[in-house]
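A quick write-up on the structure given underneath.
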Amino acid sequence: MTQTIAILGKGAWGSALSTLVSPGDRDVRMWSRSSSETLEEVVDGADVVLSAISMKGVAETARKLQPIGLKEGAIIATATKGLDPETLRTPGQIWEKTFPEHPVVVLSG
């Protein structure tokens, strides 16, 4: 069974993570604000949504995803570091608040 992974962020970090998750039976899709693909197209049916966007874009992207929705049981993984300057929330906390019905994992190092 093919696993679908949507990577949000096509910068150096998102591209590196894409290389790591690509081997095997996976459909890896990538999105950025400058993508020709829409956010909805990239996350449609995704088993994992891996966020590698900059901290300043996390809350905005989470808000954009909310009306689109995620596949039931989809895992949200965040690889973004930092704190939201307005709320002092971590990226994980932003994703948890926006999508409380989905598990959120944090990749850090």
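Being closer than 10 Å to P91 by Cβ and more than 12 Å from the chain's Cα centre (by Cα) is the filter here; which residues of segment 56-81 pass it?
K81
Restricting attention to segment 63-79, which residues are farther than 18 Å from G14 by Cβ, among the basic types (K, R) and not in a loop (DSSP other than H, G, I, E, B)?
Once the filter is applied, which keeps residues that are farther than 18 Å from G14 by Cβ, among the basic types (K, R) and not in a loop (DSSP other than H, G, I, E, B), segment 63-79 yields only R63.
Quick check on segment 58-70. Is at least one of its residues under 16 Å from V105 (Cβ atoms), among the hydrophobic types (A, V, I, L, M, F, W, C) and surrounded by fewer than 20 Cβ atoms within 10 Å (Cβ to Cβ)?
no
Limited to segment 36-62, what total is found for residues that are acidic (D, E) and assigned to a loop (DSSP other than H, G, I, E, B)?
Result for segment 36-62: 3.
So which residues in segment 100-109 are touching a helix residue (DSSP H, G or I) at 6+ places or on another chain (Cβ under 6 Å) and either in contact (Cβ under 8 Å) with a residue 60 or more places away in the chain or open to solvent by less than 70 Å² (accessible area, probe 1.4 Å) (or both), if there are any at all?
Matches in segment 100-109: V104 only.
Here's the yes/no breakdown for (1) in contact with a strand residue (DSSP E or B) (Cβ under 6 Å, 6 or more places away or on another chain); (2) more than 28 Å from M1 (Cα to Cα):
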site	(1), (2)
A16	no, no
S32	no, no
S35	no, no
D44	no, no
K56	no, yes
T78	yes, no
L83	no, yes
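Counting just the residues of segment 1-54 that are of a type in the set (A, V, I, L, M) and surrounded by fewer than 17 Cβ atoms within 10 Å (Cβ to Cβ), which one comes out farthest from the chain's Cα centre (by Cα)?
Restricting to residues being of a type in the set (A, V, I, L, M) and surrounded by fewer than 17 Cβ atoms within 10 Å (Cβ to Cβ), the top hit is M1.
In segment 81-95, is there at least one residue being touching a Pro at 6+ places or on another chain (Cβ under 8 Å), polar (S, T, N, Q) and under 18 Å from W13 (Cβ atoms)?
Checking segment 81-95: not a single residue is touching a Pro at 6+ places or on another chain (Cβ under 8 Å), polar (S, T, N, Q) and under 18 Å from W13 (Cβ atoms).
Please count how many residues of segment 81-99 are open to solvent by 100 Å² or more (accessible area, probe 1.4 Å) and either more than 21 Å from A46 (Cα to Cα) or not in a helix (DSSP H, G or I) (or both).
Qualifying residue count for the region: 4.
The values are calculated or read from the model by the stated rules, or taken from the named source; none is laboratory data. Keep in mind that what you see is a predicted model, and the values were worked out from it rather than measured. Neighbour counts are summed over all protein chains in view; Cβ atoms, including those assigned to glycine, are modelled from backbone coordinates with ideal geometry. With ligands, DNA and RNA removed, areas are computed over all heavy atoms of the protein, side chains included. Shrake-Rupley method; radii C 1.70, N 1.55, O 1.52, S 1.80 Å.
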